[in-house]
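The values are calculated or read from the model by the stated rules, or taken from the named source; none is laboratory data. Predicted model, so just to flag it, every value in this text is computed and none were measured. Glycine gets a Cβ as well: all are built from the backbone with ideal geometry, and neighbour counts include every protein chain shown.
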Amino acid sequence: MRTDERHLVFALVAMLGPPIVASGLLIRWGHLDDLARTRAGARMYRMTGRAIAIRLTGMLVMSIAAWQREPALLVMGAVLIVAAWMWVLR
């Protein structure tokens, strides 16, 4: 495996590993029943495919920005993610 490929593998693990672990921990031990009964919890439960696509696009933009070391693109990706959450929680 070339050095560039190894860096890509480490980057993907660093990007995708923590959310997967956190989701697993929350599903297993999180007490989310009270949150599910709130208005925000109900909206998160019904998150649309469009909102998920916008969030994933933001993550992709931020990943490319980090790889290319482009701060402006990092901000754009973060704005996309925040906008998707604001849309869901409106």
**Request:** Only residues that are in a loop (DSSP other than H, G, I, E, B) and either touching a residue at least 12 places away in the same chain (Cβ under 8 Å) or of a type in the set (Ser, Thr, Tyr) (or both): list them for segment 1-51, please.
**Result:** THR38, MET47, THR48
**Request:** Output the residues belonging to segment 40-62 that are surrounded by fewer than 10 Cβ atoms within 10 Å (Cβ to Cβ) and modelled with pLDDT under 85.
**Result:** ARG46
**Request:** Go through the residues of segment 62-80 one by one and say whether even a single one is touching a Ser or Thr at 6+ places or on another chain (Cβ under 9 Å) and part of a helix (DSSP H, G or I).
**Result:** yes
